Amino acid sequence: MPEPQEPEGAIAGTGMGGAMDLAVSEATTLEKGPGQAGGPQGKPRSLWSDAWRDLRRNPVFIISGLVIVFLVVISLWPSLIASGNPLKCDLAKAQEGSQPGHPFGFDGQGCDVYTRTVYGARTSVTVGVCATLGVAILGSVLGGLAGFFGGFSDSILSRITDVFFAIPVVLGGLVLLSVVTSNTVWPVIGFMVLLGWPQISRIARGSVITAKQNDYVQAAKALGASNSRQLLRHIAPNAVAPVIVVATIALGTYIALEATLSYLGVGLKPPTVSWGIDISAASAYIRQAPHMLLWPAGALALTVLAFIMLGDAVRDALDPKLR
């Protein structure tokens, strides 16, 4: 008498001589859903992969990112879209409007406004990026160390940051930069780093204090991990997200601050090409030749807005509470 047949695919032999129920296995796989099962595609997604997935679907991030990429390209190679010389001027054409080959007209010295607007992006982007990097590195190191070790060093850093927070930024720039005679961007960048690091330091300190209380950090400490390994391997990757968000938004603020200081006459100085310098020079002719003010001011506003929008999109993607 033939033995009863088992349902096809219900039982499968294993390499250990046992058996496993494929039906149960398949049901479990379906309950997990795609992307959660084992194998290469079943690895748990990290905060960064989830954030990148959300950013790619965010139109605000895409638009602001394209604008920023365009600004970076013309900052590196302004001759791609502007073939003229920003320092070449013709007084005979002073304050004249748009002409063929000169779509933005001429300024009070007869310089091409279009060429100066394009070349001014290089100065603004350079100041913003360098100042942001300096502030992020200095503030993250000081704040991270203070938050990790605590005690006396944390108290000293907190009092120092309180002192710097009490200094008005524009007033500090008027006092500190008024004695500088250099025409380069480095004094302005140094001033921004000097007054900007306390904000990043406070953010980094709070993130490190929160991260070092997690179970995986305590487990690493119990297993004998050194302080440097705890900071670099376990704490820093999980505490850096707020710093990135604040630094991205601050980049646009530093660009606006450079233009403000240049407008007041204590930032960048001629012959450096800067939107703040052009806005300051055009303010006296706003009624006779408004185009002199419109284009550099519009470029400045668009740049600052793009970086702030990018920072908002990154914040929304990295903040789990907003999901």
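The values are calculated or read from the model by the stated rules, or taken from the named source; none is laboratory data. It should be emphasised that the depicted structure is a prediction, and the values quoted were computed from it without experimental measurement. For neighbour counting, all protein chains shown are included, and Cβ atoms are generated from backbone atoms with ideal geometry for every residue, glycine included. Each accessible area value is taken on the protein alone, full model and side chains, heavy atoms only, with ligands, DNA and RNA left out. Shrake-Rupley method; radii C 1.70, N 1.55, O 1.52, S 1.80 Å.
Select, from Gly128, Gly110, Gly139, the only residue that is open to solvent by less than 10 Å² (accessible area, probe 1.4 Å) and more than 30 Å from Cys89 (Cβ to Cβ). Outline the logic, then answer.
Numbers: Gly128 fails: more than 30 Å from Cys89 (Cβ to Cβ); Gly110 fails: more than 30 Å from Cys89 (Cβ to Cβ).
Being open to solvent by less than 10 Å² (accessible area, probe 1.4 Å) and more than 30 Å from Cys89 (Cβ to Cβ) holds for just one of Gly128, Gly110, Gly139, which is Gly139.
For the list (1) within 30 Å of Ala211 (Cα to Cα); (2) open to solvent by less than 20 Å² (accessible area, probe 1.4 Å), I need the number of the one condition that Thr117 fails.
Every listed condition holds for Thr117 apart from (1).
Under the condition of being modelled with pLDDT of 80 or more and open to solvent by 40 Å² or more (accessible area, probe 1.4 Å), which residue from the range 37-57 is nearest to the chain's Cα centre (by Cα)?
It comes out as Trp52.
Exactly one of (1) surrounded by 17 or more Cβ atoms within 10 Å (Cβ to Cβ); (2) in a helix (DSSP H, G or I) is unmet by Phe104. Its number?
Every condition holds for Phe104 apart from (2).
Just name the residue that is nearest to Thr123 (Cα to Cα) out of those in the range 147-177 that are among the hydroxyl-bearing types (Ser, Thr, Tyr) and under 25 Å from the mean Cα position of the chain (by Cα).
Result: Thr161.
Within the range 209-323, considering only helices (runs of 4 or more DSSP H) that don't extend past its boundaries, which have at least 1 residues that are buried (at least 18 other Cβ atoms within 10 Å of the Cβ) and hydroxyl-bearing (Ser, Thr, Tyr)?
Here the list reads 241-264, 275-282, 291-318.
Per-residue answers, yes or no, for (1) under 30 Å from Arg122 (Cβ atoms); (2) at pLDDT below 90:
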| position | (1), (2) |
| --- | --- |
| Val179 | yes, yes |
| Leu194 | yes, no |
| Leu232 | no, yes |
| Ala239 | no, yes |
| Val246 | yes, no |
| Leu251 | yes, no |
| Leu257 | yes, no |
